[in-house]
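Only one structure is covered here, and it is reproduced in the block below.
The values are calculated or read from the model by the stated rules, or taken from the named source; none is laboratory data. As the structure is a computational prediction, the values presented were derived from the model and not from experiment. As a convention, Cβ positions derive from the backbone with ideal geometry for all residues, glycine included, and neighbour counts pool all protein chains shown. To get the accessible areas, we keep the full protein, side chains included, count just its heavy atoms, and leave off ligands, DNA and RNA. Shrake-Rupley method; radii C 1.70, N 1.55, O 1.52, S 1.80 Å.
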Amino acid sequence: MAALAHSDDTPGVLDVHSLLRTIRNGLIVVVALSLIVVILTAFLRPLIASVKVDESVTTTLAQLVILVLPYIAYIAAGSAVRDQLSDHPLRAVLTALLATLVLFVVISIGHFVFHLGPFVPTSSLEMTFTEAEGGALVESLVPGGVAEEAGVQVGDLITAVRRDPVTSGTLSALIARSAEDSPFRLRIVRGGEETQLTVRTVLAGNDDLGKLLPGLVVALIVTAVAIFWPGQWTPYVILLAILLPLLIGYFWLIIATFSYRTEGLIPLDGQGNVGGWTLNNWNFLFGADISGLNVSIWQITLNSLIIAVAMMVIVLLVSSMAGYALSRMNFAGRRAFLSFTLVLHGFPAVTLLIPIFFVMSYLGKVPLVGEFIGFNKPVGISLVMVAFELPLGVWLMKGFFDNIPWDIERSALIDGASRWRTYWEILLPQIRPGILALGIFAFIGGWNAFLIPQTYSTGAGTINLPVFLRQLINETAPVNWNQVAAVGMFQLIPVFIIFIFAQEYLLNIYAGGTKGSS
Amino acid sequence: MEVKIENLKKQFGQVIGVKDLDLNVRDGEFVALLGPSGCGKTTTLLMLAGIYKPTDGTIRFGDRVVNQVQPRDRNIGMVFQSYALYPHMTVFGNISYPLKLKKVPKQEQMERVERVANTMGIGGLLDRRPGQLSGGQQQRVALGRALVKEPDILLFDEPLSNLDARLRLTMRSEIKQLQNRLGITAIYVTHDQVEAMTMADRIAVMNQGVLQAFDTPEDLYDRPKTLFVAGFVGNPPMNFADVSVMAEHGGFTARNESIRLQVPAERGQKAAAAGKVRMGIRPEDIHVVDEGDAVTAEVVIVEPLGRDAMLDVRFGSDQFLVLADPQKHIRAGDQVKLHFDMDSVQFFDLQSERSLLWN
Ligand SMILES: Nc1ncnc2c1ncn2[C@@H]1O[C@H](COP(=O)(O)OP(=O)(O)O)[C@@H](O)[C@H]1O
Ligand SMILES: [Mg+2]
């Protein structure tokens, strides 16, 4: 019965109601986004400019909205018919495409009126030219235009702009890219003689309707995609778009380490041809002295490792015990200690570099231990970094202990355990994920440490990998960036491995405590 | 093991957790600590366990003063409301933990854990982790862990309140039977009076850190010594009305502006001298009748309880709860005649709030 009524309802291929509704949806989008543009340009921009702040953000935003506005409207039109797709596919598609056509006309009128989109004024020399042997051949001139004023004639062959040879294609691109009123010093061959003329660009309105056609095709395609788009893909596409710059970065890193040089993402050899794959960037692993410091990469790696491991061990030991005490015991100054720790956590390390230097050089004079913990010693350096890492560690650990119910600890005490044993056998295992996460954080922090090692290690024998990397970036000699990339990659490898195996625990540091226990 | 608590006091900064508590628990006795939430029951229990140090007073296990004794040297077993199982250990690990700490040989550990687990009906779960068990099973593991070291005293802190109603019933009788069979002195904290009434040999009623009464369940119910106990014990709670008890025509009557009731001589005598007193009578001692020497009241609310219907009735300025036969189909707004069964009526002094009958 219901199905019957439904088909009675829809005699033809087109349903005017649904068409109008679809157009309305699109128009709402157009109006809403236009309003945003108006607010951005007519209201926010002057407001921001009035306080003498660079207002390029609002301009950029407005341009972005103008750019995406038509497509969002078409997508709205396409989405509006999706619910009819299964019952009347043909009608749905036709409705959407027709609506898109209407929207396209409306939007194009808007573009025309406000000189936007395809009608945006572009830089022009007010002449046309075609491709010819040795340059661009002037075809026609706008009467009274800048080119004519400057003395360009039909039939001139433009061979170069300043000293750079041009073709008609490169010349168009140059003009399009230039700002208003930029001078073009044209080298012109006229009747076998060479002259030079300077023409200044003007902003010329655009009223070429032929430019609309590609736009219409794109509009219809966008609508069609919107009709048939699998909805569950949307989040992934958005995420991928956000992720893309990062992925490209890593992609470049990998390509760069294995090539002679790169331009963008394309590996090149010495002559500028695509290719140029090489393992030379990695020869620092086999004794090549790329920094001129005359120190083995393995010594440097060992230094990095010492700092990382010392960081991890000491931070874990101290913060887990301090966290326990702060979470479970009541002692004088507990609250003050807690707030002080929090302040220290936010304290910028740079401001303490000089005082710490004095402390370290005194420590170096202490008999026996001074040999290890003083200035210019990996362990001493890691001690400084431990001090900076501890506030965070202590807070995190306190949080983890706070999450363990008191009753479990009481139960252990009643069962006959000492306080120490309760800590070790009952409490620590429950915050194992937290311990692992903090340990990894400390390790990576130590492994990647730069500021403090850079400050407190002088001799080549005590530097770590990040400092070594910095040494490669020489101010006076040309830098081999592909080699830098390779060393960076080498430093990244352990971090990658750790993240692959431990990301589950690292996520835990934000959640706190053992999941699914009790 | 006998437990003697004298003058026990615990203060947290300004907050008083427990005040001047005196309690003697006999060997093998099952004592319930009953009271509303926040009245100091857990605090008392934790002082017995040695987790909290008393601010004042003494605790004796037998003749030994244990105030300064560490929890591990008190030989107690404790079961918590949250079960407090060790999540990273198996059931076997949990139950054997006290034995491991006592350095009991491995072989004996296995035997004892197995025995306890079988008693508790969790013999098949020994290699599971607490997270894989239901609430009832976790509770049995916690109980097993408390029992395995053969403690002198068992402490329970609301062990059943996280279980569903049906499981609570079975666990209640299991715990009671187990304690009876093993003869271990047990102190059982609960805010559920039915639990206390059905399980305990004696009940200590606490309120705001102060011991209100310490009696057998029957005495608490039939012979409440204070107004608080009378109002707290029993569900639905006792009804109260302020009356004057007078000697008239060779008998006694309790009367105010809306009621006039004949009081048995033995009770009336004790209340008559006091002037205005608070009369208490339980809902089940008031009956809806068709005829006779009765009080007429208006029904405000009717709550069907299944076996009974609970009526909220009003007469004069007093509002009472009454249990009636649901077959009578009484509705809100009806007028009913009430007969008061005065043989179990209670009287309390308005100032001291103490019973005029049982002190
Ligand atoms: N560790 C503590 N610190 C401060 N106050 C506490 C502490 N433990 C309990 N109290 C207070 O003591 C009172 C009694 O608490 P508790 O013994 O837990 O009550 P119950 O177990 O009867 O619900 C409450 O007012 C509570 O807030
Ligand atoms: Mg409690």
Those residues that are touching a helix residue (DSSP H, G or I) at 6+ places or on another chain (Cβ under 6 Å) and over 23 Å from B:F252 (Cα atoms), I need them from the stretch B:305-342; list them, please. B:A309, B:L321, B:V322, B:L323
Tally time: how many residues in the stretch B:63-87 are open to solvent by 40 Å² or more (accessible area, probe 1.4 Å), without any contact (Cβ under 8 Å) to a residue 24 or more places away in the chain and within 16 Å of B:V3 (Cβ to Cβ)? 4
Given (1) within 14 Å of chain A (Cβ to nearest Cβ); (2) of a type in the set (S, T, Y); (3) open to solvent by 70 Å² or more (accessible area, probe 1.4 Å), index of the condition B:T119 fails: (1)
A:F340: exposed (fewer than 15 other Cβ atoms within 10 Å of the Cβ) and either assigned to a helix (DSSP H, G or I) or modelled with pLDDT under 85 (or both), yes or no? yes
Among all residue pairs at least 6 apart or on different chains, which show Cβ distances below 6 Å where the first residue, located in the stretch B:24-43, is within 14 Å of another protein chain (Cβ to nearest Cβ) and closer than 17 Å to B:I59 by Cα and the second is within 10 Å of ligand 2 (Cβ to nearest atom) and not in a loop (DSSP other than H, G, I, E, B)? B:T42/B:D157
So which residues in the stretch B:18-52 are touching a Phe, Trp or Tyr at 6+ places or on another chain (Cβ under 8 Å), farther than 17 Å from A:I414 by Cβ and open to solvent by 10 Å² or more (accessible area, probe 1.4 Å), if there are any at all? B:P36
Being among the small types (G, A, S) and surrounded by fewer than 16 Cβ atoms within 10 Å (Cβ to Cβ) is the filter; apply it to the stretch B:208-259 and report the residue that is nearest to B:I5 (Cα to Cα). B:S244
With a cut-off of at least 1 residues that are touching a Cys at 6+ places or on another chain (Cβ under 9 Å) and within 13 Å of ligand 1 (Cβ to nearest atom), name the strands (runs of 3 or more DSSP E) lying wholly within the stretch B:182-229. B:202-207, B:210-215
Exactly one of these conditions fails for A:I107: (1) open to solvent by 50 Å² or more (accessible area, probe 1.4 Å); (2) within 16 Å of A:L220 (Cα to Cα). Give me its number. (1)
Specify which of the listed residues (B:D164, B:D201) is in contact (Cβ under 8 Å) with a residue 40 or more places away in the chain, surrounded by fewer than 22 Cβ atoms within 10 Å (Cβ to Cβ) and more than 16 Å from ligand 2 (Cβ to nearest atom). B:D201
Just a yes or no: is a residue in the stretch B:271-285 more than 24 Å from B:E353 (Cβ to Cβ) and open to solvent by less than 60 Å² (accessible area, probe 1.4 Å)? no
Which residues, counting only those in the stretch A:415-431, are of a type in the set (A, V, I, L, M, F, W, C) and either assigned to a helix (DSSP H, G or I) or within 7 Å of chain B (Cβ to nearest Cβ) (or both)? A:A417, A:W420, A:W424, A:I426, A:L427, A:L428
Out of A:G445, A:G434, A:G459, A:G416, sole residue that is among the small types (G, A, S) and at positive phi: A:G416
Scanning the stretch B:53-76 residue by residue, those at the interface with chain A (Cβ under 9 Å from one of its Cβ atoms) and basic (K, R) turn out to be B:R72, B:R74
Within the stretch B:1-17, which residues are within 20 Å of the chain's Cα centre (by Cα) and either open to solvent by 70 Å² or more (accessible area, probe 1.4 Å) or within 13 Å of ligand 2 (Cβ to nearest atom) (or both)? B:G17
